1. Please go through (1) within 28 Å of the chain's Cα centre (by Cα); (2) part of a loop (DSSP other than H, G, I, E, B) for residue 375 and return the number of the only condition it doesn't satisfy.
2. For residue 196, are the conditions met, namely being under 30 Å from residue 397 (Cβ atoms), open to solvent by 50 Å² or more (accessible area, probe 1.4 Å) and of a type in the set (A, V, I, L, M, F, W, C)?
3. Quick check on my filter: what residues within the stretch 355-400 are of a type in the set (Asp, Glu) and under 12 Å from residue 232 (Cβ atoms)?
4. Does residue 70 satisfy the condition of being under 26 Å from residue 279 (Cα atoms) and either more than 24 Å from the chain's Cα centre (by Cα) or among the acidic types (Asp, Glu) (or both)?
5. From 154, 183, 179, grab the single residue that is in contact with an Asp or Glu (Cβ under 6 Å, 6 or more places away or on another chain) and open to solvent by 20 Å² or more (accessible area, probe 1.4 Å).
6. Can you name the residue in the stretch 379-392 that is open to solvent by less than 50 Å² (accessible area, probe 1.4 Å) and in a loop (DSSP other than H, G, I, E, B) and, of all such residues, is farthest from residue 244 (Cα to Cα)?
7. May I ask you to list the residues in the stretch 273-331 that are β-branched (Val, Ile, Thr) and either touching a His at 6+ places or on another chain (Cβ under 8 Å) or open to solvent by 60 Å² or more (accessible area, probe 1.4 Å) (or both)?
Amino acid sequence: MHKTIIINSKANKYQQNYKQLEMGCWGSHNKNDGNVRNGFGSYVSQRLLSNPDLVNEFFAAISNTSAYNDATVWSMRAKLEQYNSQIYVNGYELEPVLRKLKNTAPGGDDIPAWVYRNCSFELADVISDIFNCCFRTGTVPVSWLTAIVTPVPKVSHPASLSDFRPISVTPVLSRIAEKLIVKQWLRHSIPVDSTVDQYAFKPTGSTTCALVSLIHEIVHMLENNSYVRCIMVDFSKAFDTVDHVILIRNLQALNISNNIYNWIISFLTGRVQRCKVQDTLSKAIGINLSIVQGSGVGPSLYIIIESDLHPKSRDNKLMKCAKDTNLLVPETSNCTLSVEFEHMKDWAIVNKMVINMSKTTELVFHRPHPSRSPMPLAADNIEQVQIARLLGVIFSGNLN
């Protein structure tokens, strides 16, 4: 067994050295045009990412608010349950999880995934004891609260740091614990009827499902209407600006164990992040907003924060896929698009989220001969476009 571990360790090391050599070659190739390759395989501007500390300060500023109060958040913890047989992880259940771990970034503790994978049998009981202690006390180890942030480009040619998405990598053990929390306790506590319009971050959802449902709703509405108005709402930095107090209040409404509820509060508080560019790490900075984009529990937390956003009228439809939010309003709706959009803006204010009006657009879907009936005028402050990208697919008003 030990011999196998050593062999695999060396093989991983050789593979890592090969990747570094390959990245070095690409870096030399692109040196003349000022570009380097980051760890996710995208080309990024060397000038923008030349100082990891400044990059980290930029991302941390987005996920921080002066209104945050540690005492307020900590006072929202619930009384621990002394014993709950359902809040328990057995070593034999955890062993296959460890054994099937894929190669992944190690996080701030630098413990690689292959250690857990190759020693799954020996470590399963030890790690299950650690998890059970964490779940029983509703606390997260301090070392798990530090995330390594990697800036990933959102566009082909980034022009500013706003064109990068901060992806947080937590330690491997933390990610395993987070996924256990979601799979065994958190996902089951979210009411199904509150997420029927959300097509991401759940086992029965996908972008394909969202596209099929979107087209079905539009076609169905066009059977009795000359046109359907579609507002593509853009929430600015949605994942990185989630308010923890509001999120915790939403958690309180769920049928979830106090221990798991407290564990999530512990996971969200006292967080620290360091930015990694190539092999250089920035200094640590604390954050007090966000669902920790890239974490195992983050997607489910975002579903919860957006679960109470619904249209005012049943004539209208709201389609969500992650943070992509599309509002459909048919011609003969009993609630106009303006009223529906004001309702969404009110929801955003209450939940301390910001709608980016410069990126929020409207596309009017219509029947094959739109000249036979007048098309609606553009809504106030919303650009009306002829072609738009919906869920990664480019649409025009005639559904081509």
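The values are calculated or read from the model by the stated rules, or taken from the named source; none is laboratory data. Since this is a predicted model, take the numbers as computed values, not measurements. Don't worry about glycine lacking a Cβ; one is built from the backbone with ideal geometry, like all the others, and counts go over all protein chains shown. Accessible surface areas use protein heavy atoms only, side chains included; no ligands, DNA or RNA. Shrake-Rupley method; radii C 1.70, N 1.55, O 1.52, S 1.80 Å.
1. The single condition residue 375 does not satisfy is (1).
2. yes
3. If the condition is that a residue be of a type in the set (Asp, Glu) and under 12 Å from residue 232 (Cβ atoms), then 362, 383 are the ones that fit.
4. No, not satisfied.
5. Result of the check over 154, 183, 179: 154.
6. 379
7. Of everything in the stretch 273-331, just one residue is β-branched (Val, Ile, Thr) and either touching a His at 6+ places or on another chain (Cβ under 8 Å) or open to solvent by 60 Å² or more (accessible area, probe 1.4 Å) (or both), namely 280.
Residue-wise test of (1) open to solvent by less than 60 Å² (accessible area, probe 1.4 Å); (2) under 18 Å from residue 331 (Cα atoms); (3) out of contact with any His (no Cβ under 9 Å at 6 or more places or on another chain); (4) not aromatic (Phe, Trp, Tyr).
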position	(1), (2), (3), (4)
349	no, no, yes, yes
377	no, yes, yes, yes
394	no, no, yes, yes
397	yes, yes, no, yes
